[in-house]
1. I'm checking my understanding of the structure. Among residues of the range 202-220 that are touching a residue at least 60 places away in the same chain (Cβ under 8 Å) and open to solvent by less than 20 Å² (accessible area, probe 1.4 Å), which one is nearest to GLY117 (Cα to Cα)?
2. Inside the range 180-201, can you point out the residues that are open to solvent by less than 30 Å² (accessible area, probe 1.4 Å), closer than 23 Å to THR282 by Cβ and assigned to a helix (DSSP H, G or I)?
3. For the range 221-251, how many residues are open to solvent by less than 60 Å² (accessible area, probe 1.4 Å) and touching a Leu at 6+ places or on another chain (Cβ under 9 Å)?
4. Of the residues LYS163, LYS146, LYS173, only one is open to solvent by 40 Å² or more (accessible area, probe 1.4 Å) and free of Cβ contacts under 8 Å to residues at least 40 places away in the same chain; which?
5. Which one is modelled with the lowest pLDDT, of the residues in the range 164-208 that are within 18 Å of the chain's Cα centre (by Cα) and of a type in the set (D, E, K, R)?
6. PRO188 is checked against (1) touching a residue at least 60 places away in the same chain (Cβ under 8 Å); (2) farther than 20 Å from ARG110 by Cα and fails just one. What number does that condition carry?
7. I need the full set of residues from the range 50-87 which are of a type in the set (S, T, N, Q), in contact with a helix residue (DSSP H, G or I) (Cβ under 9 Å, 6 or more places away or on another chain) and more than 18 Å from LEU40 (Cα to Cα), in order please.
8. For ARG279, are the conditions met, namely being within 19 Å of the chain's Cα centre (by Cα), surrounded by fewer than 15 Cβ atoms within 10 Å (Cβ to Cβ) and over 16 Å from ARG195 (Cβ atoms)?
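The values are calculated or read from the model by the stated rules, or taken from the named source; none is laboratory data. Owing to the predicted nature of the structure, the values given are computational and were not obtained by experimental measurement. In this analysis, Cβ positions are derived from the backbone assuming ideal geometry, glycine residues included, and neighbour counts consider all displayed protein chains. Calculation scope for accessible area: heavy atoms of the full protein, side chains included, ligands and nucleic acids excluded. Shrake-Rupley method; radii C 1.70, N 1.55, O 1.52, S 1.80 Å.
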Amino acid sequence: MKGINTFKWKIFSEGTFKRYLGVLKQYCKYLKEKFQTSHLTMNEAVKYIQEYIDLREARGLSANTLNTDLSALCKIFGQKISDYRHPPRHGVHLKNDPTKYNTETGETTRDVGLTTGLRRRELGHLKVDDIKFIDCQTVHIFSIGKGGKHNRTVLKGIVAVAKLKEYTSRAEKMNNDFLLTKAEAHVPDGLHYCRAMCAQITYNAVLQEMENDPAKRAKYIQEIKDEFKRCERKLKENLDKVYRLRGYNREAALSIGKPIVYDRVAAMYVSLFILHHFRTNTTILHYLVK
């Protein structure tokens, strides 16, 4: 475990690092039970990765879990994922009832999540001072996101501004530095669903705006380029090219009546200013197609 080089392997998220350590511990436990010894070399241990993945698949673990396990082991042992048989990880997930965990206590939390698109942890740490009202239709939210990234969420619209002003006023009246109370921050509700809904609402609003006024496309493209520059990242995608779903994701989207072609400018805007991703595929597969 001491051999995990986070910089060499580009593991910058504390959550990912801990998850990989957990996978390694489970794999070591499996090998110890199999051979009744903990004294195996790296060259010996690497031989049983496929066997371990097959065993966990037979136990009914999800494709996402198996892919994460394999990714961790391949990082640790210097292997290629493509050399191992594993179930494909699909982006489009078909869920029967994404709101089944909704509670009465979580009503406010869900509303803030739907308005801001913030993750559960970000909502719990969101302070009133982190919210900056730019004008009557624009508000910026500054937060520390996944992997320690300094995120800036950009929300537009009179409704979003009015809601956040209402909640900040409520927090100030309660002398609470945080936007949510402790009880609201720890509700078991499906907040990821709210995040996905915020992404979809923003995507459709940007798309509609560009359709109503084609000149707005150039404005959004410039905002995207400026944000990449601010974050010191390189824009690698061709924004003039639409994003098309293929294979399983295409069929799954069609089965639930979702589009299979997405505007890359609108998707990238959502990626940067709502979800804080630098690729459109993650945004489209895991948030827009729900």
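1. This residue is TYR203.
2. If the condition is that a residue be open to solvent by less than 30 Å² (accessible area, probe 1.4 Å), closer than 23 Å to THR282 by Cβ and assigned to a helix (DSSP H, G or I), then LEU191, CYS194, ARG195, ALA196, CYS198, ALA199, GLN200 are the ones that fit.
3. Within the range 221-251, residues that are open to solvent by less than 60 Å² (accessible area, probe 1.4 Å) and touching a Leu at 6+ places or on another chain (Cβ under 9 Å) number 8.
4. That would be LYS173, the only listed residue that is open to solvent by 40 Å² or more (accessible area, probe 1.4 Å) and free of Cβ contacts under 8 Å to residues at least 40 places away in the same chain.
5. ASP189
6. (2)
7. Hits for the range 50-87 are THR65, ASN67, THR68, SER71.
8. Yes; evaluated as a whole, the condition is true for this residue.
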